1. Compute a Gaussian network model of the chain, connecting alpha carbons closer than 10 Å, and tell me which residue from Leu15, Leu72, Leu117 fluctuates the most.
2. Simple spin-label model, 7 Å along Cα-to-Cβ: Ile69 to Ser126 in nm?
3. Under a no-solvent Debye model with one identical scatterer per Cα of segment 101-159, what's log10 I(q)/I(0) at q = 0.19, 0.26 Å⁻¹?
4. If you count the DSSP beta bridges with both ends in the chain, what percent of them are antiparallel, to the nearest 5?
5. Magnitude of the Cβ-charge dipole of the chain, K/R +1 and D/E -1, about the Cα centre, nearest 20 debye?
6. With N set to the number of residues, divide the alpha-carbon radius of gyration of segment 2-82 by 2.2 N^0.38 Å and report two decimals.
7. Along Cα→Cβ, 7 Å out, is where each label goes; now give me the distance between the ones at Ala28 and Glu151 in nm to one decimal.
8. Give me the number: length gained by fully extending Phe7 to Ser101, i.e. 0.36 nm times residue separation minus the C-alpha to C-alpha distance, one decimal in nm.
Amino acid sequence: MMWFLIFLIGIGILLVFIELLILPGFGAAGVPGVLLILIGVGIAWWKFGFQTALTYTGATLIGVIPLAIFGLSVMRATPAGKTFILGKTQNKAEGFHAPPSELESLVGKSGKALTPLRPAGAALISGNRVDIVTQGEFVPAETEIEVIFVEGSRVVVRSLQ
């Protein structure tokens, strides 16, 4: 019975680690993992008492965490593990381009909306056509706008009317 409880709690801990490190998301591995931990601790508490349940849980944690770390480091070298880890870098030769730095110079400048902004659209700012976005409000076409701030390639504007 003791080994079964350690196995149950250990599988639960491994499922929680998988949820945190490999499959982050909705809880496909985390929820069953937490349930297995609770069931294992609950059975140990019911059969042997609270002190023994805590001892089983602590011993399982001490044993499973190093095994999980070792397993994850070994998994990185396997073909299945490499599908989870991004191994490529992004560079210009392969088509990656950072946001243009000249967009930063648009902050504080005024222009005219070329299209209705719902909230995204285009504007003519300093003689250049720029893709822009408002902070959520609708702005009709041909309205005077001002650039508030730039985040990467996102140019945020407000209406001057």
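1. The residue with the greatest mean-square fluctuation here is Leu117.
2. A separation of 5.1 nm, rounded to one decimal place.
3. Results for segment 101-159 at q = 0.19, 0.26 Å⁻¹ read -0.52, -1.01.
4. Details: 19 of 21 bridges.
Counting only bridges with both partners in the chain, antiparallel ones make up about 90 percent.
5. Numbers: 11 positive and 10 negative charges, 101 e Å.
Approximately 480 debye in magnitude.
6. Working: Rg = 13.7 Å, N = 81, 2.2 N^0.38 = 11.7 Å.
Cα Rg divided by the expected 2.2 N^0.38 Å: 1.18.
7. 2.9
8. Details: separation 94, 0.36 × 94 = 33.84 nm, distance 5.54 nm.
Extra length available between Phe7 and Ser101 comes to 28.3 nm.
Every number in this text was worked out from the coordinates using simple rules, so none of it is lab data. This structure is a prediction, so every number in the text was calculated from the model and none was measured. Every residue, glycine among them, receives a Cβ derived from its backbone with ideal geometry; neighbour counts consider all protein chains shown.
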